[in-house]
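K.L.:
This is the structure, below, for whatever I ask next.
The values are calculated or read from the model by the stated rules, or taken from the named source; none is laboratory data. Worth saying up front: this structure is predicted, and the values here are computed from it rather than measured. Reconstructed Cβ throughout: ideal geometry from the backbone, glycine too, with neighbour counts over all protein chains shown. For the accessible areas, the whole protein counts, side chains as well, though only heavy atoms, and no ligand, DNA or RNA atoms are used. Shrake-Rupley method; radii C 1.70, N 1.55, O 1.52, S 1.80 Å.
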Protein chains: 2
Amino acid sequence: VRTSRPVSAVAVRTVASELFAAQGYRGTSMKDIAGALGVTAGNLYNHVPSKQHLLFAIMDNAMERAHAALERALAGVDAVSTQLRLATETLVLDFLEHPAEITVCNTEIRSLEEPNRSIIIGKRDGYAARIRALVDRGCAEGHFFVSEPRVAAFAVLELGNNAKAWFNERGELSAEEVAKMYGEFALHIVGDGYVHN
Amino acid sequence: VRTSRPVSAVAVRTVASELFAAQGYRGTSMKDIAGALGVTAGNLYNHVPSKQHLLFAIMDNAMERAHAALERALAGVDAVSTQLRLATETLVLDFLEHPAEITVCNTEIRSLEEPNRSIIIGKRDGYAARIRALVDRGCAEGHFFVSEPRVAAFAVLELGNNAKAWFNERGELSAEEVAKMYGEFALHIVGDGYVHN
């Protein structure tokens, strides 16, 4: 164990995400994280003040990344159908590229203390509100047909959430191909461009 | 703390599910579970030999319940579209009625030891295969239109998985109403009865 090796914030978050995803926040100690990084617990505490601080940093980073990716994906795109498709593709790609972090985000809201919990829930709900706004706009503009926009928006958000669990099983499809399929599913869910028989 | 109170297997599973869902399997001790049941750890061990045994019992019970509910839902139903709709409604209702157990099933496969792990994964994959068979049949019969039946089947399975997270927030919709909406979403995803513009 090297005690004085410099450790990047990204490395700490990555290793901690993987341990939290594999054995839970409560089931993981700072000593476990330090061990996986090859440093002493004392050295780790020089980088992060607490395990709670680290959990918040992981989730906050994931939320900020998701918001920024959505921003980039929708920049310069006007049509609401294209926006919803691109938003879904972007979200599913993020899910597939960061499986451990997404598992932590999905399962460890329970372990956040205040005010961390309210901050993360606020960012998560803010993301959901942006998707909901797309669904509402599509309905208002006559492109989408859904009975309960709130439920449809949640369904779109959750759609690809677990794709990471099966995606690598066979490797027949690229992440981009999977993301594109989910983009189509999202449009199906909101009844975009379809006429019922 | 009463040491000799009889404790039902259902009560043990229910209380343990809630604790595992709230703080993770690894973060929960048999003493925590005994405390929540109001018995001593020694008394709890008279009912279940180990925490691992209990985790397996929770997941196995949930899997058997899901398979049995699917069986009942599809009995006597011939049309594949109706079957997929009913299968989805049944699954979402189960998700909404047993939120703690579903959280455990979703997050604690990682904590199962062999052979428990293989048994549960086998039952989970068996359930997925039944949904996949419905999607394949719908495609073969010309009712469904999907480019990758495997991906569509996973999307249908995951669709309502997290509905429990928002369902009770406002209480505007009953569980049955939510389940019916997801049943419709499933048909949308597989392109049932729709003609593209």
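K.L.:
I want to confirm something. Restricting to the range A:167-191 and keeping residues that are among the small types (G, A, S) and more than 10 Å from chain B (Cβ to nearest Cβ), which single residue is surrounded by the fewest Cβ atoms within 10 Å (Cβ to Cβ)?
P.N.:
Within the range A:167-191, the match that is surrounded by the fewest Cβ atoms within 10 Å (Cβ to Cβ) is A:G171.
K.L.:
Something else about it: Collect the residues in the range B:84-103 that are open to solvent by less than 20 Å² (accessible area, probe 1.4 Å) and more than 12 Å from the chain's Cα centre (by Cα), keeping them in residue-number order.
P.N.:
B:L84, B:A87
K.L.:
Within the range A:159-176, which residues are assigned to a helix (DSSP H, G or I) and modelled with pLDDT under 85?
P.N.:
A:L159, A:A163, A:K164, A:A165, A:W166, A:F167
K.L.:
Out of curiosity, is A:G142 farther than 25 Å from B:T88 by Cα and free of Cβ contacts under 8 Å to residues at least 12 places away in the same chain?
P.N.:
Here the answer is yes, as A:G142 does meet what is asked.
K.L.:
Select, from A:L84, A:L96, the only residue that is more than 23 Å from B:Q23 (Cα to Cα), modelled with pLDDT under 95 and within 14 Å of another protein chain (Cβ to nearest Cβ).
P.N.:
The conditions single out A:L96.
K.L.:
Filtering the range B:1-31 down to residues that are open to solvent by 40 Å² or more (accessible area, probe 1.4 Å) and β-branched (V, I, T), which residue is farthest from A:R110 (Cα to Cα)?
P.N.:
If we take residues in the range B:1-31 being open to solvent by 40 Å² or more (accessible area, probe 1.4 Å) and β-branched (V, I, T), then B:T3 is farthest from A:R110 (Cα to Cα).
K.L.:
Kindly evaluate B:E114 against the criterion of being modelled with pLDDT of 90 or more, open to solvent by 60 Å² or more (accessible area, probe 1.4 Å) and more than 29 Å from A:E177 (Cα to Cα).
P.N.:
Yes; evaluated as a whole, the condition is true for this residue.
K.L.:
Continuing with the same structure: Do we find that A:E148 is farther than 22 Å from A:D78 by Cα, within 11 Å of chain B (Cβ to nearest Cβ), among the acidic types (D, E) and open to solvent by less than 20 Å² (accessible area, probe 1.4 Å) in this structure?
P.N.:
no
K.L.:
When you go through B:R137, B:R124 one by one, which is the residue that is modelled with pLDDT of 90 or more, closer than 25 Å to A:I102 by Cβ and either surrounded by fewer than 22 Cβ atoms within 10 Å (Cβ to Cβ) or over 15 Å from the mean Cα position of the chain (by Cα) (or both)?
P.N.:
Result of the check over B:R137, B:R124: B:R124.
K.L.:
Yes or no: B:A179 free of Cβ contacts under 8 Å to residues at least 60 places away in the same chain, outside any loop (DSSP other than H, G, I, E, B) and among the small types (G, A, S)?
P.N.:
no
K.L.:
Given the options A:L54, A:L37, name the one that is over 30 Å from A:A133 (Cα atoms) and at pLDDT below 95.
P.N.:
The conditions single out A:L37.
K.L.:
Still on this model: List the number of the failed condition for B:G27; all other conditions in (1) part of a helix (DSSP H, G or I); (2) free of Cβ contacts under 8 Å to residues at least 40 places away in the same chain; (3) over 24 Å from B:L159 (Cα atoms); (4) within 14 Å of chain A (Cβ to nearest Cβ) hold.
P.N.:
(1)
K.L.:
So which residues in the range B:151-166 are open to solvent by 30 Å² or more (accessible area, probe 1.4 Å) and either within 19 Å of B:H98 (Cα to Cα) or without any contact (Cβ under 8 Å) to a residue 24 or more places away in the chain (or both), if there are any at all?
P.N.:
B:N161, B:N162, B:K164, B:A165
K.L.:
Being modelled with pLDDT under 90 and under 29 Å from A:V15 (Cα atoms), is that true of even one residue in the range A:143-157?
P.N.:
Scanning the range A:143-157, I find at least one residue that is modelled with pLDDT under 90 and under 29 Å from A:V15 (Cα atoms), so the answer is yes.
K.L.:
Separate question: Here are some residues: B:A66, B:A34, B:A73, B:A62. Which one is buried (at least 20 other Cβ atoms within 10 Å of the Cβ), away from every other protein chain (no Cβ under 14 Å), out of contact with any Pro (no Cβ under 7 Å at 6 or more places or on another chain) and closer than 24 Å to B:G138 by Cβ?
P.N.:
Answer to the selection: B:A66.
K.L.:
Looking at A:L44, is it buried (at least 20 other Cβ atoms within 10 Å of the Cβ), modelled with pLDDT of 95 or more and of a type in the set (A, V, I, L, M)?
P.N.:
For A:L44, the condition - buried (at least 20 other Cβ atoms within 10 Å of the Cβ), modelled with pLDDT of 95 or more and of a type in the set (A, V, I, L, M) - is not met.
K.L.:
Continuing with this model, one more query. What are the residues in the range A:125-139 that are out of contact with any helix residue (DSSP H, G or I) (no Cβ under 7 Å at 6 or more places or on another chain) and touching a residue at least 40 places away in the same chain (Cβ under 8 Å), if any?
P.N.:
A:G126
K.L.:
Still on this structure, please answer the following. Here is a list of conditions, (1) in contact (Cβ under 8 Å) with a residue 40 or more places away in the chain; (2) in contact with a helix residue (DSSP H, G or I) (Cβ under 6 Å, 6 or more places away or on another chain); (3) crowded, with 17+ Cβ neighbours inside 10 Å; (4) closer than 30 Å to A:Y25 by Cα, and B:N106 meets all of them except one; can you say which number that is?
P.N.:
(2)
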